[in-house]
Each structure stands twice: as C-alpha cells, then as structure tokens.
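Asker: Below: one structure in structure tokens.
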Amino acid sequence: MIMTISASMLLFGCQPASDSTPVEDSTTSAHSDSSQKAISTEATANTNNSNRTDIDWTKLDSKISPVNPEDFKYPFELDSQSVLAYADFFHITPAEARHSLTIGTASNEPLPELLDQLGDHYRSHELTDGKDVTLIIHTSPEVTASRYDYVFSEPFAQGLTMPIIIQPKSTTQAETTQSKTESPDNP
C-alpha cells in the first residue's frame with residue numbers, strides 16, 4: 001500500500017505545474033449540470049472519437065538520424081567486466097551486450113514526455129533485458145496500443161534506437177495486479 005502511494009506521488013511530481021490546471025472545454029453548455037461538465041487538461045496525448053487516448057509520437061521525435069550500431073562509439077569496452085558478465089548471463093555476444101547495456105542505461109530519456117502524455121493512464125513500465133532491449137509502457141485500457149522506434153538524442157547513446165511499446169492493461173489485469181500487491185500475505 002505504501003509503495004502504491006509513493007509511486008502515485010512520484011508520478012504526480014512528473015507533471016509540469018501548467019498541466020495540472022483543469023480548463024473547461026469550450027463546447028460545454030453553460031446550462032449543463034456541473035457533474036457533467038467536460039473538463040480537459042493540456043495533456044499532449046490525443047483522444048480520438050472512440051474515447052481512446054493515442055500517444056503523439058511526433059512529440060518524442062528527437063530529430064536525430066539513426067546510426068548504424070556497428071559504427072557507434074560505445075561508452076563500454078568490449079572486454080569490460082560488465083559487458084562480459086551481461087553477455088554470459090544472457091547468452092549473447094559481447095557486442096550485443098555492449099549495445100544492450102548502452103540502450104538500457106539511456107532508456108529513461110523518453111519517459112518524461114510519455115508520462116506527461118499519459119497522465120493518469122500510466123500504470124507501470126519495464127525494460128526487457130538481453131539482446132533486444134525494449135521499453136514497455138503499461139497503461140489503462142483507454143490508451144491505444146502502439147509501437148515506436150525512439151532515437152536517442154543525449155550524447156551517451158545519440159543516434160541509437162530503442163523500441164517503445166504501449167501496452168494497455170485490461171481492467172481485470174490491473175485489478176488482479178493491485179489485489180496481489182495489496183494482499184496481507186504479500187510483504
């Protein structure tokens with residue numbers, strides 16, 4: 001329970017102050033009941049006609065051209081202990097391990113924009129390990145599933161790409177996960 005509250009507080013801290021002020025939708029009638037007024041925020045995700053939220057991938061476009069991973073100057077040496085240990089653990093080559101370590105280390109770069117767009121629709125995220133590192137964002141069911149190849153802009157991994165997958169969780173999945181984490185048997 002405490003972890004859930006802490007995580008919620010952390011997420012609210014990611015929102016810029018200007019995005020937290022609700023604005024009344026101009027299409028709302030002045031005569032409508034206050035409980036039915038349409039309220040919107042300045043969130044950047046698009047809501048389409050079927051009440052689904054789409055990620056605006058153009059806001060994550062770094063304007064950097066992708067580079068060939070074989071030509072990239074990696075911050076890790078092929079024979080370094082971390083690269084060799086990663087390669088051994090995941091049964092991949094040292095070159096693949098070096099690439100995965102670099103992507104994994106830089107993987108937080110797109111998160112602020114994604115969290116800003118998702119707002120209350122964000123549930124959790126994970127990073128896959130091994131040869132093909134992928135950032136998976138778990139959301140509420142109202143978000144449209146999608147995939148995007150993000151190109152890093154920070155010098156550490158500039159030009160390398162990482163797949164991002166938006167994966168909505170059904171309500172029953174979210175409830176099951178929540179009940180498991182709040183179970184008195186679960187420390």
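The values are calculated or read from the model by the stated rules, or taken from the named source; none is laboratory data. Since the model is a prediction, treat every value here as computed from it, not as a measurement. Counting neighbours? That spans all protein chains shown, and the Cβs are built from the backbone with ideal geometry, glycine included. Protein only, heavy atoms only, side chains kept; ligands, DNA and RNA dropped before computing areas. Shrake-Rupley method; radii C 1.70, N 1.55, O 1.52, S 1.80 Å.
Asker: Could you say whether any residue in segment 117-127 is out of contact with any Ser or Thr (no Cβ under 6 Å at 6 or more places or on another chain), on the phi < 0 side of the Ramachandran plot and part of a loop (DSSP other than H, G, I, E, B)?
Answerer: Looking for residues that are out of contact with any Ser or Thr (no Cβ under 6 Å at 6 or more places or on another chain), on the phi < 0 side of the Ramachandran plot and part of a loop (DSSP other than H, G, I, E, B), one finds none in segment 117-127, hence no.
Asker: Let me ask something additional. Go through (1) over 13 Å from the mean Cα position of the chain (by Cα); (2) of a type outside the set (A, V, I, L, M, F, W, C); (3) not in a loop (DSSP other than H, G, I, E, B) and name the single condition HIS138 misses.
Answerer: Among (1) over 13 Å from the mean Cα position of the chain (by Cα); (2) of a type outside the set (A, V, I, L, M, F, W, C); (3) not in a loop (DSSP other than H, G, I, E, B), HIS138 violates only (1).
Asker: Residue by residue through segment 79-94, note down the ones that are open to solvent by 70 Å² or more (accessible area, probe 1.4 Å) and more than 14 Å from ASP129 (Cα to Cα).
Answerer: Scanning segment 79-94 gives ASP79, GLN81, LEU84.
Residues checked against (1) among the hydrophobic types (A, V, I, L, M, F, W, C); (2) under 21 Å from TYR150 (Cβ atoms):
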{"residue": "ASN51", "(1), (2)": "no, no"}
{"residue": "VAL67", "(1), (2)": "yes, yes"}
{"residue": "LEU114", "(1), (2)": "yes, yes"}
{"residue": "ARG123", "(1), (2)": "no, yes"}
{"residue": "THR134", "(1), (2)": "no, yes"}
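Asker: Inside segment 46-79, can you point out the residues that are touching a helix residue (DSSP H, G or I) at 6+ places or on another chain (Cβ under 8 Å), over 14 Å from PHE152 (Cα atoms) and assigned to a loop (DSSP other than H, G, I, E, B)?
Answerer: Across segment 46-79, the qualifying residues are ILE55, ASP56, PRO75, PHE76, GLU77, LEU78, ASP79.
Asker: Take LYS73 and decide whether it is open to solvent by 30 Å² or more (accessible area, probe 1.4 Å), closer than 30 Å to PRO168 by Cβ and either more than 13 Å from the chain's Cα centre (by Cα) or at pLDDT 95 or above (or both). Outline the logic, then answer.
Answerer: Values: open to solvent by 30 Å² or more (accessible area, probe 1.4 Å): yes; closer than 30 Å to PRO168 by Cβ: no; either more than 13 Å from the chain's Cα centre (by Cα) or at pLDDT 95 or above (or both): yes.
Against the criterion (open to solvent by 30 Å² or more (accessible area, probe 1.4 Å), closer than 30 Å to PRO168 by Cβ and either more than 13 Å from the chain's Cα centre (by Cα) or at pLDDT 95 or above (or both)), LYS73 does not qualify.
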